[in-house]
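Since every read-out is calculated from the coordinates, none of them should be taken as a lab result. Because the structure is a prediction, the values reported are computed rather than measured. Heads up, the Cβs are rebuilt from the backbone with ideal geometry, glycines too, and the neighbour counts pull from every protein chain shown.
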């Protein structure tokens, strides 16, 4: 059995491995021109082990939807303090996993903390966007992925600490060094995320990436909301 990655919308994904059902940034608010209608709603979720949230910005996190999905599925919610505080009145304490890495000193590398959970080991890196922003390395038996969230400085993530990846989820932020980061990690598949409908149309017409970067590493996958890819 392989791992199935389904795009929910914006930076939201459902990742179903042989041993875990994981959502990342999958329950968010629609923001016109930024984050369009998701392909999945909380009321449609019946199976989930982990719901990860990178940060509390509206286009990544809707507290009510996260709480509803976690309650329906019996999932644990993983996130920074701002996210956990927003859902703690709706969920039992044992369903909450607060991951609050310290801020990097000066121009140093992103600091991290690790939690060993029943279905996965999660390492949160305090990366560079909002003050509460986490990127996540998730390790399950036989499958490891890194979701970079809105990180604007990939060069400040220690690639050696990530190790071998089966999949990388990354946004094409200008000036973030994302192309070089992908090349350094060399994952067999990497998923481009945080594209609007117009940008997806441009990509399919062969215009989006050529206007953005001078080369595209091997292994690219681009999904529209609702589409899936099996690894």
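Couple of notes before you dig in:
- Share, in percent, of DSSP beta bridges within the stretch 35-122 that are antiparallel, nearest 5: 25 percent
- Fully extending the segment from residue 130 to residue 100 would add 9.5 nm, taking 0.36 nm per residue of separation and subtracting the current Cα-Cα distance.
- Backbone N under 18 Å from the residue 160 label point (7 Å along Cα→Cβ), restricted to the stretch 184-217: 184-186
- Size-normalised alpha-carbon gyration radius of the stretch 4-224, reference 2.2 N^0.38 Å: 0.95
- The stretch 4-224 - percent relative contact order, Cα under 8 Å, separation 6 or more: 14 percent
- Projecting label points 7 angstrom from Cα along Cα→Cβ for residue 90 and residue 220 puts them 3.7 nm apart.
- Simple spin-label estimate for residue 43 and residue 30 in nanometres, 7 Å along Cα-Cβ: 1.4 nm
- Ranking of 192, 212 by count of other Cβ atoms within 10 Å, fewest first: 212, 192
- Computed over the chain, the per-residue total of -39500 (n - 2.57) for DSSP H runs of n ≥ 4 gives a 222 nm mean residue ellipticity of -4500 deg cm²/dmol, rounded to 500.
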